[in-house]
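As structure tokens, the structure follows; a few thoughts come after it.
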Amino acid sequence: PATIIDQLNLTPQTIGKFASQAAGGVLGVVSSAIGVVFQGFTLLLFAFYFAADGPRLRRTLASLLPSKQQELFNDVWTIATDKAGGFVISRLGLAAISAFFSAVFFILIGLDYWLPLALWMGMISQFIPTVGTYLAIALPALIAILSDQPLDAVWVIIFATVYQQIENYYFAPRISARTMDIHPAMAFGSVIIGATLFGPIGALIGIPVAATVIAFVQAYTRRYNLIPELAEAEQ
């Protein structure tokens, strides 16, 4: 042992340095994950109070505007509320679909605690932006590693990766299009733009913001009849 220690040049100082670096890296990852979780809970708490006291807040803000501007303010408020509600419904729908397929997969591989793990996969992956997917995968993979068949952790990760791609390109755009009346391409693009500009929170609120803007434009822009050539092409 003494020879190995001398060859590796291990001293109490170097060991302490390596330990502090490793601890700093782990603490950095943990603190980032905790920060994202608290941001999500802060957003949910704000949404709860906003919904509970929304009518009085709307009247208070509208009283600061002239009559003509109050009509516009009321329209914007109503559209934003409808689209935000549609967004929550779409998240709940995606969470239910994710939980269902996760439960079926966990049953097939014989993973313990398949029901709570499936519910965890559905809720965490949908309501925590960016890192939610990784947090959702981590717990079932850890349970699989500690089970009698550690190889199941690999299958859990493969399943979660494949399902995430299917959800991103198939389920999410279509459900968002139905609940918020937004084109699937616009829904997908708004998530990318929101994440690029504002990070995880931007990815979470990108779709309802885009749906609100589109609905507002549709309500206050004039439409014209198509010429015969374009009408036939549309059919």
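The values are calculated or read from the model by the stated rules, or taken from the named source; none is laboratory data. Quantities reported herein were computed from a predicted structural model and do not represent experimental measurements. Quick reminder, even Gly has a Cβ in these numbers, built from the backbone with ideal geometry, and neighbours come from all protein chains shown. Keep in mind that these areas ignore ligands, DNA and RNA; they rest on the heavy atoms of the full protein, side chains included. Shrake-Rupley method; radii C 1.70, N 1.55, O 1.52, S 1.80 Å.
In the stretch 122-147, what residues are more than 15 Å from Ala96 (Cα to Cα) and modelled with pLDDT of 85 or more?
Ile137, Ala138, Leu139, Pro140, Ala141, Leu142, Ile143, Ala144, Ile145, Leu146
Of the numbered conditions (1) at pLDDT below 75; (2) part of a helix (DSSP H, G or I), Arg223 satisfies every one except a single condition; which is it?
Just one mismatch for Arg223, condition (2).
Conditions (1) modelled with pLDDT of 80 or more; (2) open to solvent by 70 Å² or more (accessible area, probe 1.4 Å); (3) aliphatic (A, V, I, L, M); (4) more than 18 Å from Pro208 (Cα to Cα), marked per residue:
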site: Ala47; (1), (2), (3), (4): no, no, yes, no
site: Ala51; (1), (2), (3), (4): no, yes, yes, no
site: Gly54; (1), (2), (3), (4): no, no, no, no
site: Leu65; (1), (2), (3), (4): yes, no, yes, yes
site: Asp75; (1), (2), (3), (4): yes, no, no, no
site: Ile79; (1), (2), (3), (4): no, no, yes, no
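The rows are residues; the columns are (1) open to solvent by 40 Å² or more (accessible area, probe 1.4 Å); (2) touching a residue at least 40 places away in the same chain (Cβ under 8 Å).
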site: Trp114; (1), (2): yes, no
site: Gln126; (1), (2): no, no
site: Leu135; (1), (2): yes, yes
site: Ile143; (1), (2): yes, no
site: Pro150; (1), (2): yes, no
site: Trp155; (1), (2): yes, yes
site: Tyr170; (1), (2): yes, no
site: Ile175; (1), (2): no, yes
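What's the total number of residues in the stretch 200-220 that are modelled with pLDDT of 70 or more and within 15 Å of the chain's Cα centre (by Cα)?
6
Please list, ordered by residue number, the helices (runs of 4 or more DSSP H) wholly in the stretch 41-160 having 2 or more residues that are closer than 20 Å to Met180 by Cβ and more than 18 Å from the chain's Cα centre (by Cα).
Hits in the stretch 41-160: 67-109.
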